[in-house]
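Let me begin by presenting the structure, written as structure tokens, before commenting on it.
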Amino acid sequence: MSRLIDKKLSRRRFLGLSTCTLATAVVGSQVKVLRALASSGDITAPVAGDEKNIFTTCGMCVNKCGVIARVKNGVIEKLDPNPNFIKSRAMLCARGNAGIKVVYDPDRLKYPLIRTGARGEGKFRRASWTEALDLVAKNLNEIADKHTRAGVMFASTEGTYQDHFFNQLAECFGTPNTVRHPTLCLSSNIQGFSATFGTNPTPDVLNADYIIMSGANRSEALITPDSIDLLKGDGGRRKLIYLDPRFTKTAAKADKWFPIKPGTDMAFILAMIHVIVTEELYDHDYVKEQTVGFDKLISHIQQYTPEWAEGETDIHADAIRRVAREFAMAAPKSVYYHGRRSSFMSNDTQMRRAMAILNGIVGNWDTKGGMIPNSGIKLAKHDYIAPWYDDVPDRIDAGSVSFLSEKDGSWPVVQERVLAANPYPIKGMMVYKQNILASVPDRAKTLKMMEQMDFICTIDIAMSDTAWYSDVVLPEATYLERLDPIESLGGIVPVAVMRQPCIEAMFESKPNLWIMQELATRFGEEVAEQFNFTMEEYIQHQVKDNPAILAALQEKGVYFDRTEPVYGTTRGKKLKTVSGKIEIFSQRYADKGLDPIPVYTSPETIPAGKFRLLVGRHAIFTHGTTANNAYLHEIMPENTLWLNTKSAAGQGLTNGMLVKVKSPVGEETLRLEVTDKIRPDSVYMAHGFGVLSKGLSNIYGKGGCDAALIETRYCPISGNAALHETLVEVVPA
Amino acid sequence: MKTKRYAIVLDTHRCIDCKACTVACKVENNVPLGKENYRNWVGADPLRGSYPNLGESYTPSQCQHCSNPPCAHVCPTSATTVSPDGIVHVIDHKCIGCKYCMTACPYNARYYNEEIEAVDKCTFCTQRIQVGRIPACVETCPTKVRVFGDINDPNSEVSQLLAENPSRVLKEAQGTKPNLYYLI
Ligand code: SF4
Ligand code: SF4
């Protein structure tokens, strides 16, 4: 039996502000109603209505761009970019503009639903919030009684700003099993760069003269401000070298595109290091004073000649030499850009380590145009006390990989271990806006994992595939209907943002905090007490040491304490690594039995008739969450399978035909796009299609699902999924 | 003061084909959804070369607000007119839906809007200009491909760009005298 350890709840109260409310901050000058044309009698005079322009933040992707919502008579008419929002250089992308269709979407979840048919059958009945929440609490408590509290897992997305409350509830409920997105995204980057620099820095794209990108498709996988700054070359000084098996829109903007063989980027990087070291092009003083293990690197890279790398990468040795020399010449204003999604192959952490080492030896650390440690805006933290249950075991994925993130876990490992009930069963699942059926590799396996659950509850705004397979579905208010906490967006020039409700939440949708509070009440007094605050109080507390933040947010929709980067604050100082220096040689890795300097291994050879399946982002959709949006759907109604022109001819396949893509774990049917924009040994499909949920009416039945094809493989160091290790066959459908 | 002559100058080298301008326009101007109706669009020019030597560029486009607009010339009801600042308009209640203008436009800039039962097209977001704002496509663009302004004002950004850089207009030979200028 679980036992609540008797712990004094000496919570540092941040309350006592219960009377405060935040008046909605509207843009200073009201936009006047247009009458000019009306005066000519040519158009009908627009009716003046109650018009407000409200500062808020986009919620369509990770960037969280500043938005001014134009609201008239309680209806959001248009989302405009906030001109003060320096991080996004005052823009809104296609998704940001399409955000109003998240609110006004006939497919939206409108009220709580309880499943009545079989899982996946899509039969639900409308329920009251009370009934639905009672059912959730009852099920979770029963599972906890049977399997300890670790028997329930909490999976959440990020960026809603309210995910904190969801994770707080997980902790207060007493489970160690929270799973978040990093291992489907960037955890190997964080690991590889942190192991080298003690932190994961940001490349100073705006000021770099020479940028190399490996697959970080910045003109499509938009990251602010990098995607924008990449095109801001001053007088053409900027040079962009782009490596990708696909000719993406970033390739179209690059000075040179190399269609590198997938999975061989590390060979390219090691050969660059070889050239820079053997030709003594590195920053001698910096390397001597600020790095450890350079001597070991010298002997280590002897084998990695450009000629050797040519055989691995399909990039000419001369080209590798030239790029290496140019990179070193441009240093310290040169960066090997590491990007975000780093879930390429299972050696990804070591590949990122190699990138970090290359950056390190040219001395670009914390200097203009180089690799800059992030800063953030300081906000007061909300303290809470999670009850302690002494029978709760460690995380289910504990010990599976060398460096597991305590809060994020590793999705591929969790999926496998839950299925095997190893080392213990997990029978309940709470999901907050994470669409695991579209994002975790091997959808069939994820479905099995869900099938063995006694209970699944999903909180979302639309009927995602994951919601479709849940027992209780709870409708959250959308990002344009919520008051969300202040969030610091770290970077070279950090900003703080918040969301204000532009309209009242429609239907019966509720903000996550309200849902968490209701569940907390049902989990007992101790838990409820941790949620005893309003959003206004929470926000006031966040700015208690710096009220200027809230004032700026109300006045300009964004807070920043500087508009220009500050360089060199950590240069020559002790870094957060064990040695305090840049670790070319990692003793920490050596102690764990890992290669202390990255060692290259070749990817599996692709047999004739097979192709490597590549996935990637583009500028129209965010992962598996926006393809059903009416504006975006119109631009991209389905996904296609890219296949190289010569390869298609060799297989007798023609453009536009339906093809079956078969992998060891799944089979998907979609249309073929025959193109020169991809290597002959690879195929590519965009993410977000081939859905299971009939509740996504625009895209149901359209295209294929990449997650249904990708095998579960992961990086043994970071636990990051390896999304490019699957080989597929392509045949006419 | 000289009358205004509004124009857009585009630096297509900066365009990443992200479609922000297209979606912003549709929302701003209530362009019907799901019917292939657009006031502006972005086209990928034909792929240059063959694997592995490739090049691709992207060209955003819309009504060119021609100084010699063939659409206005063919309109039997004068529903298409040019305002003093050079913006080509369709007065929807005068439009009888004959679509002559759609045929006459060399840029394919017009569509028939079933919701308002009139031909519709880009207006440089007149409703925004009137309150001192710039068109939605110009404002939202991540890389700021478009610059909007008055080419009759020699100090405007558009005038400066056109003075400092070579540019071209689309289908010049048609004699339409477009007011969208593409930097070369
Ligand atoms: S990049 Fe686009 S989707 Fe992402 S936050 Fe900015 S506007 Fe929204
Ligand atoms: S918003 Fe700008 S970059 Fe994007 S497609 Fe339009 S013109 Fe091109």
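The values are calculated or read from the model by the stated rules, or taken from the named source; none is laboratory data. Given the structure is predicted, the values throughout are model-derived calculations rather than measurements. In this analysis, Cβ positions are derived from the backbone assuming ideal geometry, glycine residues included, and neighbour counts consider all displayed protein chains.
Please list, ordered by residue number, the strands (runs of 3 or more DSSP E) wholly in the stretch A:49-120 having 1 or more residues that are out of contact with any Cys (no Cβ under 6 Å at 6 or more places or on another chain) and within 16 Å of ligand 2 (Cβ to nearest atom).
On the way: elements: A:51-57, A:66-72, A:75-81, A:113-115.
So the answer is A:75-81.
Here's the yes/no breakdown for (1) surrounded by 20 or more Cβ atoms within 10 Å (Cβ to Cβ); (2) within 16 Å of ligand 2 (Cβ to nearest atom):
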| site | (1), (2) |
| --- | --- |
| A:596 | yes, no |
| A:609 | no, no |
| A:621 | yes, yes |
| A:629 | yes, no |
| A:657 | no, no |
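Look at the stretch B:129-151 and say how many of its residues are more than 16 Å from ligand 2 (Cβ to nearest atom) and under 24 Å from residue B:109 (Cα atoms). Step through it out loud before you land on a result.
Here is the first cut: in the stretch B:129-151, the ones more than 16 Å from ligand 2 (Cβ to nearest atom) are B:129-133, B:149-151.
Filter again for under 24 Å from residue B:109 (Cα atoms), leaving B:129-130, B:133, B:149-151.
Residues that pass the stated criteria total 6.
Among (1) among the hydroxyl-bearing types (Ser, Thr, Tyr); (2) touching a residue at least 60 places away in the same chain (Cβ under 8 Å); (3) away from chain B (no Cβ under 11 Å), there is one condition residue A:224 misses while meeting the rest; what is its number?
Here residue A:224 clears every test but (3).
Would you be able to say whether some residue in the stretch A:274-293 is touching a Pro at 6+ places or on another chain (Cβ under 8 Å) and aliphatic (A, V, I, L, M)?
Of all residues in the stretch A:274-293, those touching a Pro at 6+ places or on another chain (Cβ under 8 Å) come to A:274-275, A:283, A:293.
The next check asks that each one be aliphatic (A, V, I, L, M); those that pass are A:275.
Checked the stretch A:274-293: at least one residue is touching a Pro at 6+ places or on another chain (Cβ under 8 Å) and aliphatic (A, V, I, L, M).
Among the strands (runs of 3 or more DSSP E) contained in the stretch A:571-679, which hold 3 or more residues that are in contact with a Lys or Arg (Cβ under 8 Å, 6 or more places away or on another chain) and away from chain B (no Cβ under 14 Å)?
Details: elements: A:611-616, A:640-644, A:658-662, A:667-675.
Result: A:667-675.
Does any residue of the stretch B:53-65 turn out to be within 30 Å of residue A:621 (Cα to Cα), in contact (Cβ under 8 Å) with a residue 12 or more places away in the chain, within 16 Å of ligand 1 (Cβ to nearest atom) and at the interface with another protein chain (Cβ under 9 Å from one of its Cβ atoms)?
Keep residues of the stretch B:53-65 that are within 30 Å of residue A:621 (Cα to Cα), which gives B:53-64.
Filter once more, so that each one left must be in contact (Cβ under 8 Å) with a residue 12 or more places away in the chain: B:56-64.
Going one step further and asking which of them are within 16 Å of ligand 1 (Cβ to nearest atom), we end up with none.
No - not one qualifying residue is present in the stretch B:53-65.
Can you tell which of B:34, B:43 is outside any helix (DSSP H, G or I), surrounded by fewer than 24 Cβ atoms within 10 Å (Cβ to Cβ), within 15 Å of ligand 2 (Cβ to nearest atom) and at pLDDT below 95? Don't jump to the end; show me each part of the working.
Working: B:34 fails: within 15 Å of ligand 2 (Cβ to nearest atom).
Within the list B:34, B:43, the selection yields B:43.
Can residue B:25 be described as part of a helix (DSSP H, G or I) and either under 30 Å from residue A:246 (Cβ atoms) or within 16 Å of ligand 1 (Cβ to nearest atom) (or both)?
Working: part of a helix (DSSP H, G or I): yes; either under 30 Å from residue A:246 (Cβ atoms) or within 16 Å of ligand 1 (Cβ to nearest atom) (or both): yes.
Taking the combined requirement at face value, the residue satisfies it.
From the list A:528, A:496, A:520, pick out the single residue that is touching a residue at least 60 places away in the same chain (Cβ under 8 Å), aliphatic (A, V, I, L, M), closer than 25 Å to residue A:142 by Cα and not in a loop (DSSP other than H, G, I, E, B).
On the way: A:528 fails: touching a residue at least 60 places away in the same chain (Cβ under 8 Å); A:496 fails: closer than 25 Å to residue A:142 by Cα.
Selected residue: A:520, the only one of A:528, A:496, A:520 that is touching a residue at least 60 places away in the same chain (Cβ under 8 Å), aliphatic (A, V, I, L, M), closer than 25 Å to residue A:142 by Cα and not in a loop (DSSP other than H, G, I, E, B).
I need the full set of residues from the stretch A:54-85 which are under 21 Å from residue B:144 (Cα atoms) and away from ligand 1 (no atom under 13 Å from the Cβ), in order please.
Within the stretch A:54-85, A:78, A:83, A:84 meet the criteria.
Could you tell me whether any residue of the stretch B:119-135 is at pLDDT 95 or above and within 16 Å of ligand 1 (Cβ to nearest atom)?
No, the stretch B:119-135 has no match at all.
Got at least one residue in the stretch B:93-106 being assigned to a strand (DSSP E or B) and away from every other protein chain (no Cβ under 11 Å)? Before you say what the answer is, go through the steps one by one.
Looking only at the stretch B:93-106, we keep the residues that are assigned to a strand (DSSP E or B), and these are none.
No, there is no match, as no residue in the stretch B:93-106 is assigned to a strand (DSSP E or B) and away from every other protein chain (no Cβ under 11 Å).
For the stretch A:88-98, give me the residue count where each residue is more than 7 Å from chain B (Cβ to nearest Cβ) and within 7 Å of ligand 1 (Cβ to nearest atom).
Summing the residues that are more than 7 Å from chain B (Cβ to nearest Cβ) and within 7 Å of ligand 1 (Cβ to nearest atom) in the stretch A:88-98 gives 3.
Applying the selection to the stretch B:12-22, what residues are in a loop (DSSP other than H, G, I, E, B) and either away from every other protein chain (no Cβ under 14 Å) or touching a Phe, Trp or Tyr at 6+ places or on another chain (Cβ under 8 Å) (or both)? Reasoning before the result, please.
Our first condition is that a residue be in a loop (DSSP other than H, G, I, E, B); within the stretch B:12-22, this holds for B:15-19.
Within the stretch B:12-22, B:15, B:16, B:17 qualify.
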